[in-house]
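The values are calculated or read from the model by the stated rules, or taken from the named source; none is laboratory data. Here the structure is a predicted model, which means the values were calculated and not measured. Cβ sites come from the backbone with ideal geometry, for glycine too, and all protein chains shown count toward neighbours. Calculation scope for accessible area: heavy atoms of the full protein, side chains included, ligands and nucleic acids excluded. Shrake-Rupley method; radii C 1.70, N 1.55, O 1.52, S 1.80 Å.
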Amino acid sequence: MAWWRVVKAGCRGIGGGLLLIALAWPSVATVSAQPVEGRPDVRVIIDVSGSMRDNDPERLSASALELLVSLLPEGTSAGVWTFGERVDNPLPLSEVDAQWRTRARELRPEFEGVQPFTDIEAAVRRAADAEANGPRHLVLLTDGVIDLSPTRGDKPAVDEASRRALLEELAPHLAEQGTVVHAIAFSDQADMALVERLARRTGGLPALVESPESLLGAFLDIVERIFPADQIPLREGRFAIEPGVEAFSALLFHAPDAEPLGLVAPDGSVYRAESPPPGGRWQVEPRFDLIRVPDPMPGEWRLEGEIEDDSRIGVTSTLSLRTGELPATLYLGFPVPVEAWLERNGRPYGEALEGLSVRVELLDADDEVQAALRLERDGERFRGELPAPALAGSARLRVRAEAEGLVRQRLQAVNVLPAIRGRHEPERQRVVLEAVHPELDRDNAFPWGELGGERLEAEAIDARRWQIPLPELDDSVSRPLLLRARVRLDGEERELRLPRLLLFDQAATGLDLAGEGGRLSGDRFHEDLSTGRPGGEAPEGAVERFVTAVNDLVARGVTLWRSSWPETRRRLEAYREDPRAWALAGLAIFAVLVLLAALRRRRRRHRRIPHREEPHV
């Protein structure tokens with residue numbers, strides 16, 4: 001699965017009418033209660049190189065800035081930088097107010113893409129250097145790779161040197177300062193590895209945005225990480241507002257041609273876009289509606305119309321849910337410590353609430369729960385360790401507090417990555433492994449591979465990379481290399497089960513996948529979780545010979561059938577009118593069914609319980 005976040009929610013034509021988002025989504029109201037000195041400041045860095053004309057024809061970068069401008073809370077510090085061959089700062093870092101928003105919206109002509117080169121390193125360095133009143137968040141929007149002017153040195157050496165400096169020197173320095181970089185790629189031609197590593201090493205989120213439909217979701221993920229806000233569950237178009245809620249905001253996604261939505265209050269009053277609740281605002285866009293209702297009536301509210309699963313309800317009240325820092329990147333095989341508590345008017349709320357429980361869940365891209373844990377009370381706080389994730393890809397952490405008459409939850413987008421990543425280099429007859437987890441290196445991580453039941457040891461190349469020399473292999477046959485690692489961290493030792501690597505994955509014949517022409521796959525004989533047979537139980541040579549023999553047998557059968565079909569057809573036509581032939585055929589079919597049933601009962605008696613390994617011990 002790709003590392004970048006695939007965002008399902010979005011809208012068409014998001015460039016207009018987004019000012020009300022700032023009033024509709026509760027992060028603005030929530031953050032406004034914080035002291036200005038403690039708020040994050042946001043620096044937007046926009047690629048204006050010439051390639052953006054081709055890779056960003058819909059000017060998503062300009063729409064992205066307008067969306068972010070609308071979402072930023074009043075009083076937050078923010079600025080805008082542009083870069084290509086040079087770095088400019090058309091909107092210096094200053095406090096966000098009405099005048100700042102107006103100046104930001106006037107920058108659209110600056111994004112036409114007129115500069116010939118792309119100096120990402122200089123842009124990030126310049127934007128990060130400005131003084132900050134609080135934690136710094138950089139939002140990088142780019143479409144390409146580092147491409148410096150030839151006057152700076154020989155190419156591609158000068159580009160590679162700048163890339164190394166960005167990832168190996170600047171990114172660690174920013175992480176030490178607490179500066180977070182959220183990186184958004186506007187094209188699949190961008191340097192995805194750079195975008196992902198830069199975001200991961202600084203604690204930010206990476207995202208790939210190829211259309212307006214995905215832009216809104218990507219920015220909501222980033223804004224919710226910078227400015228967390230309370231939400232309440234929305235189930236089957238219904239949500240409950242308890243007494244004491246000061247306002248709620250509804251972000252409702254729908255199809256472009258969907259019927260207009262309705263909002264039904266607990267007393268049965270029906271509100272629509274043309275007649276919103278008293279004091280409320282209702283914004284309608286082709287792909288979503290935004291509604292804000294101040295001083296709402298307590299009780300169950302109901303939505304009329306079709307809405308999509310990514311819709312959400314945010315609330316503002318004196319009682320709120322807080323969490324400790326939630327990482328933007330999780331690693332397969334490593335549990336996640338979580339801390340949460342309730343606050344009233346900004347102070348920890350330690351009073352007992354009837355039936356209060358706090359739960360954390362890890363949801364995959366399809367909102368299926370992959371791991372869950374009920375946190376244990378520890379004084380005024382709740383703490384626990386979420387079991388290690390088992391699937392790589394984009395995901396969300398959901399922390400939910402529930403008590404009698406109270407529900408609060410917070411959602412944070414995360415990426416789940418393997419702790420060690422493998423890459424096959426067939427020309428050098430080896431597999432290279434690289435530590436992705438920031439705390440793993442040659443001194444505390446000891447990886448190895450298994451190929452056809454044979455253990456292959458890894459040799460350290462440098463501090464965070466290893467190589468596994470491979471035996472002579474037939475490159476016309478793909479086969480899986482199982483990867484494992486023993487690691488020691490924080491006084492604990494665990495064995496990691498890493499994602500397996502398919503060698504020669506483009507081969508027509510495979511011991512892991514079915515090739516063209518219906519050839520038999522050998523993957524099930526190597527590691528079949530459904531039967532409980534452990535991987536490597538059969539020698540690789542035997543498996544390969546068995547697959548070849550079965551394929552040859554099938555080919556011979558097809559040839560024989562084709563050669564004998566004319567005579568067979570003649571005989572069938574001769575017997576078609578003979579009742580005795582039909583009776584014999586029926587008896588033969590019945591005998592086959594009886595035999596299959598007997599074999600199935602026998603297999604059930606000898607079946608053993610499957611054994612599944614988790615990706616950690």
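Please calculate the 1.4 Å probe accessible area of Phe504, with all protein chains present, and give it to the nearest 10 Å².
Surface open to solvent at Phe504 totals about 40 Å².
I need the calculated FRET efficiency for the pair Ala157 and Asp257, taking r as the beta carbon distance and R₀ as 56 Å, to the nearest 0.05. Numbers along the way, then the final one.
Values: r = 53 Å, r/R0 = 0.95.
My answer for the efficiency is 0.60.
Work through the residues other than Glu380 whose Cβ is under 12 Å from its Cβ and net out their charges, Lys, Arg +1 and Asp, Glu -1. List each step's numbers first, then the result.
Details: positive: Arg322, Arg344, Arg347, Arg377, Arg381, Arg383; negative: Glu339, Glu343, Glu351, Asp378.
That sum, taken over residues with Cβ under 12 Å, equals +2.
Take the alpha carbon atoms of segment 476-508, find their center, do the same for segment 189-253, and report the distance between the two centers in whole angstrom.
32 Å
Could you let me know the centre-to-centre spacing of segment 148-168 and segment 381-433, using Cα atoms, in angstrom?
Computed from Cα coordinates, the inter-centre distance equals 33 Å.
Solvent-accessible area per residue for segment 138-211 at a 1.4 Å probe radius, Å²?
Values: 2780 Å² over 74 residues.
Using a 1.4 Å probe on heavy atoms only, each residue of segment 138-211 averages 38 Å².
Glu495 to Glu380: FRET efficiency via 1/(1 + (r/R0)^6), r the Cβ-Cβ distance, R0 41 Å, to the nearest 0.05? Mind dumping the intermediate values first?
Working: r = 37 Å, r/R0 = 0.90.
According to the calculation, E is roughly 0.65.
In a shell of Cβ-Cβ distance under 15 Å around Pro228, excluding Pro228 itself, what net charge do Lys and Arg (+1) and Asp and Glu (-1) give?
+3
For Glu434 paired with Val284, estimate the spin-label separation in nm (one decimal), with each label point 7 Å from Cα along the Cα-to-Cβ line.
5.0 nm
Kindly report the accessible area of segment 347-430 per residue (heavy atoms of protein chains, probe 1.4 Å, no ligands, DNA or RNA), in Å².
Working: 4180 Å² over 84 residues.
Dividing the accessible area of segment 347-430 by its residue count gives 50 Å².
Decide, for segment 350-446, between rounded, prolate and oblate: order the square roots of the alpha carbon gyration tensor eigenvalues as a ≥ b ≥ c, take rounded if a/c falls under 1.5, and otherwise choose prolate if a/b is larger than b/c, else oblate. Let's see the in-between values first.
On the way: a/c = 4.70, a/b = 2.45, b/c = 1.92.
Because a/c hits 1.5 or more and a/b exceeds b/c, segment 350-446 counts as prolate.
Determine the sum of side-chain charges near Thr82: Lys and Arg each +1, Asp and Glu each -1, restricted to other residues whose C-beta is under 10 angstrom from that of Thr82.
On the way: positive: Arg86; negative: Asp47, Asp88, Glu110.
The answer is -2.
Label points 7 Å out from Cα along the Cβ direction at Glu351 and Ala193: separation in nm?
Label-label distance for Glu351 and Ala193, simple model: 5.7 nm.
Taking 0.36 nm per residue of sequence separation and subtracting the Cα-Cα distance, how much length would be gained by fully extending the chain between Glu368 and Arg86, in nm to one decimal? Please list the in-between numbers first.
Numbers: separation 282, 0.36 × 282 = 101.52 nm, distance 4.52 nm.
That works out to 97.0 nm of additional length.
Excluding ligands and nucleic acids, what accessible area in Å² is computed for Trp282 using a 1.4 Å probe, to the nearest 10?
Number for this one is 30 Å².
Please compute one quarter of the surface area of the Cα convex hull for segment 143-233 and express it in square nanometres. Provide the component values of the computation, followed by the final result.
Numbers: hull surface 30.0 nm².
Taking the Cα atoms of segment 143-233, their convex hull projects to 7.5 nm² on average.
What is the percent carbon and sulfur in the accessible area of segment 293-409, measuring with a 1.4 Å probe over the protein chains and ignoring ligands?
Working: 2340 of 5590 Å².
C and S fraction of accessible area: 42 percent.
In what order, largest first, do Phe83, Phe334, Phe117 sit by accessible area if the probe radius is 1.4 Å? Don't jump to the answer; show the numbers that get you there.
Details: Phe83 0, Phe334 20, Phe117 45 Å².
Greatest to least solvent exposure: Phe117, Phe334, Phe83.
For segment 389-504, what are Rg and Dmax over the alpha carbons, in angstrom?
Calculated on Cα positions, Rg and Dmax stand at 18.5, 66 Å.
Considering only DSSP beta bridges where both residues belong to segment 82-195, give the percentage that are antiparallel (nearest 5).
Counting only bridges with both partners in segment 82-195, antiparallel ones make up about 35 percent.
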